[in-house]
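K.L.:
Quick one: structure below, then a few questions.
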Amino acid sequence: MEKQIAIIGAGLSGLLACKYVLSKGLQPIVFESRTDVGGVWIKTIQTTKLQTPKSIYQFSDFPWPSSVPEDFPDHDKVLDYIKSYAEHFDLIKHIKFNSRVVGIEYEGASGSEEIEKWSLWSGNGERFGSGGKWKVVVEHNHGVADETKIYKVDFVILCVGRFSDVPNIPEYPPGKGPETFHGKVIHSIDYTKMEYETAGKFVEGKRVAIVGFQKSALDIAMEVAAVNGKQNPCTVLYRSEQWGVPDYLPWGLPLAYLYLTRFSELLLHKPGEGLLLSLLASILSPVRWAFSKFVETHIKRKLRLEKFGMVPEHSFFNQINTCLVSTVPENFYEKVEEGSIILKKAPSFSFCKEGIMVDGETKPIETDLVIFATGFSGDKKLKDIFMSKTFQDSILGSTNAAVPLYRECIHPRIPQLAVIGYSESVSNLYTSEIRSKWLAELLGGTFKLPSIKDMEEDVAKWDKHWKRYSGKYYRRSCIAAIHIWYNDQLCKDMGWNPKRKKGFFADLFEPYGPTDYLVSS
């Protein structure tokens, strides 16, 4: 009997998992709560574009069409590309749309005490365990009435993402939160859900304050400034200055040559490296510093950060290690200069009747509308899908450590389950594809996982690496600066040659991308 695999989510990771599970003769069933594929790309802010060059944001076996010549396509073209992929590989027939997974529960072990005694993943080291099953509870919305069904499957792949559904909104003491404010407070997810014309009318004529300084905050600020101009300037509140990039060509050199080559990865210490690589990383650390300064000087010059008091205290290298580098919208600082956008540093603040009171100041920022562009609670989303308190407590691990996923996919103490798309990289599509290939090879029996102890020790090595290089932004699972090293581990597991280029110098100095991992040779 064919093994059935439940895949939760039909975004990029879900589609990739579905495709590669099928390649191993397994039977996937994909549950998607919305009416279409594409995940976060289904509905975005009107001005949203791809943040990374399309050359590293593409499927290895499905290139971008020639009808999309630009390096940073807008959101509509990205969504069309994803849909074309799903249609080309006939994935749609495996997806149940309007199907929200309420919870999942493992049936097989006699309880958490038994699982704690296991020395091998799933009890016996096998990808399908010793006969255990997952119960997947799904609410199907048929338009007239909801129907709840239970599915029993052999394996679950969670592709629930990290940047949707559960908004992250700061908590405030009683009397200092949004309830005190006489205006309106929303999250960027609420703004994104609006039709574009509706969103414009919603902010028109209002004094808008946006909390946050990542991509969505800057995009929304630009849209508000376009509607209201200097008459009602948009205020952007931020905790600390960030290294946003105006382009990916610092001083004319593609950024990929600085951070996506084997040479660039020789400049830092890596999990599980040997003595020689460790010595090289120490010796070459000045080169790493020089790379970072090279990029920083370009950004400071092009965006005129010193003029606006927006030079970050941390290095660009530190920021890229946390996957928090985003593109700055074109003409953003021109809008700041003309007065349509006001930048306000606010490490902490509270609400008052008139608007926002920044801690340490006496005069409030008078506001009609506050938009929190403060991200999403991906941790809560991942935790809440489990019905077992044991798995809820274990999936996220310790509060002072990164989420404990071996190869960023497998929790050593949760059987017959994988997570794809939680840990970040410089291009999440690129990373999700090789992880899906790796997982498919695991499910196909190409290799076995090491013992639980060995997996946990490996997870601890990666956690030590993140603590070393990510600074105050620690706890974001991010492989950006050691992308090739990470892929090497997956290749070795699958029996692939990790050296993907032709020739020593090409392998050392040329950037790596999705097409390098097209075939297994």
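The values are calculated or read from the model by the stated rules, or taken from the named source; none is laboratory data. Worth saying up front: this structure is predicted, and the values here are computed from it rather than measured. Neighbour counts are summed over all protein chains in view; Cβ atoms, including those assigned to glycine, are modelled from backbone coordinates with ideal geometry. In case anyone asks, the SASA skips ligands and DNA or RNA and just uses the protein heavy atoms, side chains included. Shrake-Rupley method; radii C 1.70, N 1.55, O 1.52, S 1.80 Å.
K.L.:
Report for region 126-281 the percent antiparallel among DSSP-assigned beta bridges with both residues inside it, nearest 5.
P.N.:
75 percent
K.L.:
Restricting to the chain, compute how many DSSP beta bridges are antiparallel as a %, nearest 5.
P.N.:
Given both bridge residues lie in the chain, the antiparallel proportion sits at roughly 45 percent.
K.L.:
Can you list the chymotrypsin sites (Phe, Trp or Tyr not before Pro) in region 445-476 that are in a DSSP coil and have 15 or fewer other beta carbons within 10 angstrom? Walk me through the numbers on the way to the answer.
P.N.:
Working: sites: PHE447, TRP462, TRP466, TYR469, TYR473, TYR474; in loops: PHE447, TYR474.
Of the chymotrypsin sites (Phe, Trp or Tyr not before Pro), the ones in loops of region 445-476 whose Cβ has at most 15 other Cβ atoms within 10 Å are PHE447.
K.L.:
Can you divide the C-alpha Rg of region 244-333 by 2.2 N^0.38 Å and report the result to two decimal places?
P.N.:
Computed over Cα atoms of region 244-333, the ratio equals 1.19.
K.L.:
PHE97 to LYS201: FRET efficiency via 1/(1 + (r/R0)^6), r the Cβ-Cβ distance, R0 25 Å, to the nearest 0.05?
P.N.:
So, using R0 = 25 Å, E works out to roughly 0.25.
K.L.:
Then there is this: Describe numerically, in nm with one decimal, the distance between label points set 7 Å from Cα along Cα→Cβ at SER451 and at LYS464.
P.N.:
Between SER451 and LYS464, the label points sit 1.9 nm apart.
K.L.:
Give the average over all directions of the projected area of the C-alpha convex hull of the chain, one decimal, in nm². Before the final figure, lay out each step's value.
P.N.:
Values: hull surface 103.5 nm².
Over all viewing directions, the chain projects a mean Cα-hull area of 25.9 nm².
K.L.:
Here is a further query. Whole-Hz ³J(HN,Hα) for each residue in region 175-189, computed from phi via Karplus 6.51 cos²θ - 1.76 cosθ + 1.60 with θ = phi - 60°, x for glycine and proline: what do you get?
P.N.:
Going residue by residue, I get x, 10, x, x, 5, 7, 6, 8, x, 10, 10, 9, 9, 4, 5 Hz, with x marking Gly and Pro.
K.L.:
Could you work out [θ]222 nm for the chain from helices alone, using -39500 (n - 2.57) per DSSP H run of at least four and dividing by all its residues? Round to the nearest 500 deg cm²/dmol. Before the final figure, lay out each step's value.
P.N.:
Details: 18 runs with 173 residues, N = 521.
That comes out to -9500 deg cm²/dmol.
K.L.:
For a quick check: with amide H placed at 1.01 Å from N, whose amide H comes under 5 Å from ILE7's, ignoring anything fewer than 5 positions away on the same chain?
P.N.:
Close amide H contacts, sequence-distant or interchain: ILE29, VAL30, PHE31, ILE157.
K.L.:
To the nearest 20 debye, what charge dipole does region 359-404 have about its Cα centre, counting +1 at the Cβ of each Lys and Arg and -1 at the Cβ of each Asp and Glu? Don't skip to the answer; put the middle values down first.
P.N.:
On the way: 5 positive and 7 negative charges, 74 e Å.
Dipole magnitude for region 359-404 comes out near 360 debye.
K.L.:
A further question follows. Can you give me the % of accessible surface on the chain that is carbon or sulfur? Probe 1.4 Å, all protein chains present, nothing else counted.
P.N.:
Percent of accessible area from carbon and sulfur atoms in the chain: 53.
K.L.:
Mind pulling the per residue volume of the convex hull built on the Cα atoms of region 67-135? Å³ is fine.
P.N.:
Roughly 197 Å³ of hull volume per residue.
K.L.:
Starting from the Cα of PHE62, step 7 Å toward the Cβ, then list every residue of region 82-101 with an amide N under 15 Å from that point.
P.N.:
Counting backbone N atoms under 15 Å from the label point, the list is 82-95.
K.L.:
Mean separation of Cα pairs under 8 Å and 6+ residues apart, divided by the residue count of region 8-130: what relative contact order is that in percent?
P.N.:
30 percent.
K.L.:
What does the C-alpha gyration tensor say about the overall shape of region 10-98? Classify as rounded when a/c is under 1.5, otherwise prolate if a/b is larger than b/c, or oblate.
P.N.:
Oblate is the answer for region 10-98, as a/c is 1.5 or above yet b/c matches or exceeds a/b.
K.L.:
Going from the alpha-carbon gyration tensor of region 200-349, what semi-axes, largest first and in whole Å, does one get by taking the root of 5 times each eigenvalue?
P.N.:
Equivalent ellipsoid semi-axes, largest first: 36, 15, 13 Å.
K.L.:
Right, next: Can you list the HN-Hα couplings for region 58-66, worked out from phi with the Karplus curve (6.51, -1.76, 1.60; θ = phi - 60°), rounded to whole Hz and with x for Gly and Pro?
P.N.:
Rounded to whole hertz, the list is 8, 6, 5, 10, 8, x, 4, x, 5.
K.L.:
Which length gain, in nm to one decimal place, applies between ASN141 and LYS193 when the Cα-Cα distance is subtracted from 0.36 nm times their residue separation?
P.N.:
Here the segment from ASN141 to LYS193 would lengthen by 16.8 nm.
K.L.:
Separate question: For the chain, which cysteines have no second Cys with its Cβ under 4.7 Å from theirs?
P.N.:
When partners are defined as cysteine Cβ atoms under 4.7 Å apart, the chain leaves CYS18, CYS159, CYS234, CYS352, CYS409, CYS491 without one.
K.L.:
Additional query: Note the full-extension length gain between TRP289 and MET387 as 0.36 nm times their separation in residues minus their Cα-Cα distance, in nm to one decimal.
P.N.:
Working it through step by step, the gained length comes to 30.6 nm.
K.L.:
³J(HN,Hα) across region 403-408 via Karplus (A = 6.51, B = -1.76, C = 1.60, θ = phi - 60°), whole Hz, x for Gly/Pro?
P.N.:
Computed from phi, the couplings for region 403-408 are 4, x, 10, 5, 6, 6 Hz.
K.L.:
Still on this model: DSSP loop GluC sites (Glu not before Pro) in region 1-109 with at most 10 other Cβ atoms within 10 Å of their Cβ, which ones?
P.N.:
Here the GluC sites (Glu not before Pro) that fit, given the DSSP loop and packing criteria, are GLU2.
K.L.:
Given 0.36 nm per residue, what is the gain on full extension from VAL519 to LYS307 after removing their alpha carbon distance, in nm?
P.N.:
Working it through step by step, the gained length comes to 71.4 nm.
K.L.:
To continue, here is another question. Give me the 1.4 Å probe accessible area per residue for the chain, excluding ligands and nucleic acids, in Å².
P.N.:
44 Å²
K.L.:
Rounded to whole Å and sorted largest first, list the principal axis extents of the Cα atoms in region 413-521.
P.N.:
Extents along the principal axes: 39, 38, 23 Å.
K.L.:
Still on this structure: Can you list the GluC sites (Glu not before Pro) in region 142-213 that are in a DSSP coil and have 12 or fewer other beta carbons within 10 angstrom?
P.N.:
Filter output for region 142-213: GLU171, GLU195, GLU204.
K.L.:
Can you tell me the alpha carbon radius of gyration of region 108-174 divided by the globular rule-of-thumb value 2.2 N^0.38 Å? The partial results should precede the final answer.
P.N.:
On the way: Rg = 18.1 Å, N = 67, 2.2 N^0.38 = 10.9 Å.
Here the Cα radius of gyration is 1.67 times the empirical estimate.
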